[in-house]
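Some notes on the structure that comes next.
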Amino acid sequence: MSVTIRIIPCLDVREGRVVKGINFEDIADAGDPAEAAQRYDKEGADEICMLDIDASYEARSTTLETVEKIANQVFIPFTVGGGIKSVNDVEVLLKTGADKVSINTSAIINPKLVEEASREFGSQCIVVAIDAKFNGKDWSVYTHGGKNKTDLDALSWSKKVEQLGAGEILMTSMDKDGTKSGFDNILNQTLADNLNIPLIASGGAGELDHLVDAVKLGKADAVLAASIFHYKEISIKKVKEALKNQGLSVRL
Amino acid sequence: MKIGVIDYGASNIFSVVRAFNSLGASTKVLKKSKDFENIDKLVFPGQGSMGACLKKLSENDLRDSLIFSLKNLPFLGICLGLQILFSESEESEDEKGLGIFPEKIKKFSEFKDRTIKIPHMGWNQVEFSQSHFIWEGLESSKDFYFVHSYASKEIDEKYIYSKTFHGESFNSAVAKDNIFATQFHPEKSGKSGLNLLQNFIDWKI
């Protein structure tokens with residue numbers, strides 16, 4: 001009896017369509033976001049995450065339409081990320097139907113945003129997403145969808161945003177993302193051992209065992225994946241059964 | 001039939017409104033005391049800090065209307081909407097709650113090994129303690145979605161309708177007469193949550 005491990009399918013959305021990049025590039029179309037969200041809800045997803053991957057100013061109204069469409073049909077927690085720059089952006093998304101927002105680049109440019117947004121709306125709705133790559137010693141944090149390297153390392157940055165009021169960390173390994181070779185369990189465990197807030201592991205899911213290992217070895221509280229669910233390679237139900245067989249608590 | 005949803009100004013009420021609307025129920029957002037006219041049921045969805053919530057209720061002149069309606073209408077409290085029914089909370093020692101239940105809301109115990117995280121966030125099992133119309137069609141031990149750091153741990157046994165375990169046992173649903181309150185969020189608990197909200201729509205007292 002305890003909080004269940006959460007399985008979170010992620011919709012990478014561009015111009016109102018689900019797409020999936022490999023190593024943050026090559027984009028392939030994977031369908032209508034609202035339809036996909038409904039399908040995942042029926043299949044037993046514990047949350048839905050939607051990332052607006054180009055998040056341009058012009059595409060903002062399309063994004064909000066998509067958020068509203070999903071929120072009207074799906075009654076499980078719903079996180080939206082991409083292009084959030086201000087407390088007002090957070091407020092607009094929450095009012096449109098998001099339950100949580102995920103902030104990445106803007107948290108690095110302006111850490112105060114995390115502090116202000118969590119004070120205003122509560123830590124529970126502020127997720128800080130981190131993209132990082134191993135540099136031989138620790139994990140360097142990147143901004144702008146993995147384009148620009150910063151001086152930050154993932155562990156100290158995650159601890160910093162926890163202090164600022166983040167309610168969860170969404171940790172994406174750039175080394176693993178799109179490779180289908182498993183999660184970066186060392187990175188995840190390093191963070192999990194040092195954080196009091198939940199850790200969502202992302203990047204690298206390819207097989208059932210990868211998701212189980214992300215929890216058992218990586219100590220993640222939740223596992224996020226995109227393409228394996230989109231292309232129906234692995235069902236959410238199968239993942240949960242595998243976790244349950246390992247004695248982990250899941251919602252079935 | 002119209003369901004009034006209290007909007008005291010610091011809580012995301014939209015998902016509750018959306019969930020009721022998806023079930024075909026008509027809702028009315030209540031921001032001032034005069035909005036309380038012509039409603040048949042009352043929902044109080046709350047998030048954030050209890051002190052801030054109680055302060056806003058008084059500032060916006062909602063407290064008296066709420067107390068009056070609590071005596072007459074079927075009431076569903078969600079999350080903070082459960083906690084304000086108690087007399088006090090460790091979260092805000094200066095602000096007094098509504099006192100339907102005389103006990104105190106307390107913070108979760110902390111665990112040094114980080115195995116129990118606070119806030120209690122995620123899906124957890126709701127173990128029924130006694131039957132209630134609101135539980136119709138639902139099974140005990142099913143998961144519902146929680147987000148909170150404070151909880152009801154002590155209350156007269158007869159008001160406890162479910163318990164949940166997060167490092168320690170707490171009361172995840174309490175009820176008395178026309179009042180039913182859940183610590184979890186039915187509006188975010190998928191099919192089970194919608195089932196519960198439908199029962200509230202159908203509940204006659």
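Coordinate-derived values only; no laboratory data. Given the structure is predicted, the values throughout are model-derived calculations rather than measurements. Note that each Cβ is placed from the backbone with ideal geometry, even for glycine, and that neighbours are counted across all protein chains shown.
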Charge tally in the Cβ shell below 14 Å around B:S131, where Lys, Arg are +1 and Asp, Glu are -1, B:S131 excluded:
-2
Exposure proxy order (Cβ contacts within 10 Å, fewest to most) of B:C53, A:C49
B:C53, A:C49
Can you give the average number of partner chain beta-carbon atoms within 10 Å of each beta-carbon in peptide B:185-194, as a whole number?
4
Quick one: net charge of A:T172's neighbours, Cβ under 12 Å, K/R +1, D/E -1?
-3
Treat the count of other C-beta atoms within 10 Å as a stand-in for reagent exposure and order A:V80, A:V3, A:V161 from fewest to most.
A:V3, A:V161, A:V80
Quick check for you: which residues of the stretch B:185-204 have the amide N under 13 Å from the point 7 Å beyond the Cα of B:E136 toward its beta carbon?
B:195-204
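Can you give the mean number of other chain Cβ atoms that lie within 10 Å of the Cβ atoms in peptide B:110-123? Spell out each step's value before the answer.
Numbers: counts 1, 0, 0, 0, 7, 1, 3, 8, 2, 8, 2, 12, 13, 11.
Per residue, the number of nearby Cβ atoms from other chains is 5 on average.
Are there any trypsin sites (Lys or Arg not before Pro) in the stretch B:102-205 that are in a DSSP loop and have at most 11 other Cβ atoms within 10 Å? List them by number.
Qualifying residues, ordered by number: B:K112, B:K204.
Using r as the Cβ-Cβ distance of A:Q246 and A:Q163, and R0 as 35 Å, what FRET efficiency do you calculate, to the nearest 0.05? Display every interim value, and only then the final one.
Values: r = 33 Å, r/R0 = 0.94.
It comes out at approximately 0.60.
For the stretch A:6-245, would you read off the P(r) tail past 27 Å as a percentage of all alpha carbon pairs? Please report the intermediate quantities before stating the final value.
Working: 7519 of 28680 pairs.
Taking all Cα-Cα pairs of the stretch A:6-245, the fraction more than 27 Å apart is 26 percent.
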Report the FRET efficiency, 1/(1 + (r/R0)^6), for B:L23 and B:K204, where r is their Cβ-Cβ distance and R0 is 22 Å, rounded to 0.05.
0.85
Please report, in whole Å, how far the alpha carbons of the protein assembly as shown spread along each principal axis, starting with the longest.
64, 46, 40
Rough spin-label spacing in nm, given labels placed 7 Å along Cα→Cβ, for B:E59 and A:N148
3.7 nm
Of A:K232/B:K191; A:K238/B:K142; A:K42/B:K2; A:K237/B:K158; A:K42/B:K41, which pairs sit farther than 27 Å apart, going by alpha carbon to alpha carbon?
A:K42/B:K2; A:K237/B:K158; A:K42/B:K41
Which of the aspartates and glutamates could a cross-linker span from B:K107 if the Cα-Cα distance has to be under 17 Å and same-chain partners fewer than 8 positions apart are dropped?
B:E88, B:E90, B:E91, B:E93, B:D94, B:E95, B:E154, B:E168
If each part is reduced to its alpha-carbon centroid, the stretch A:198-252 and the stretch A:156-189 end up apart, in Å, by 15 Å
Under 25 Å between C-alpha atoms, the lysine pairs in the stretch A:88-159 lying 8 or more places apart or on different chains count 16
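What's the local net charge at A:G83, with K and R +1, D and E -1, over the other residues with C-beta under 12 Å away?
Working: positive: A:R14, A:R60, A:K85; negative: A:D52, A:D54, A:E58, A:D89.
Its environment carries a net charge of -1.
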Gap in Å between the Cα centre of the stretch B:39-108 and the Cα centre of the stretch A:103-131?
28 Å
How big is the convex hull of the Cα atoms of chain B, per residue, in Å³?
106 Å³
As I understand it, the dipole of the stretch B:2-202 uses +1 on the Cβ of Lys and Arg and -1 on the Cβ of Asp and Glu, about the Cα centre. Which of B:S15, B:N178, B:G46 lies farthest toward its positive end?
B:S15
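Which chymotrypsin sites (Phe, Trp or Tyr not before Pro) does the stretch B:59-168 hold that lie in a coil by DSSP with at most 16 other beta carbons within 10 Å?
Working: sites: B:F68, B:F75, B:F86, B:F108, B:F111, B:W123, B:F128, B:F133, B:W135, B:F144, B:Y145, B:F146, B:Y150, B:Y159, B:Y161, B:F165; in loops: B:F108, B:F111.
The qualifying sites are B:F111.
DSSP loop (so not H, G, I, E, B), at most 16 other Cβ within 10 Å: list which GluC sites (Glu not before Pro) in the stretch B:23-123 pass both filters. Walk me through the numbers on the way to the answer.
On the way: sites: B:E37, B:E59, B:E88, B:E90, B:E91, B:E93, B:E95, B:E103, B:E110; in loops: B:E37, B:E90, B:E91, B:E93, B:E95, B:E110.
Sites meeting the loop and neighbour criteria: B:E37, B:E90, B:E93, B:E110.
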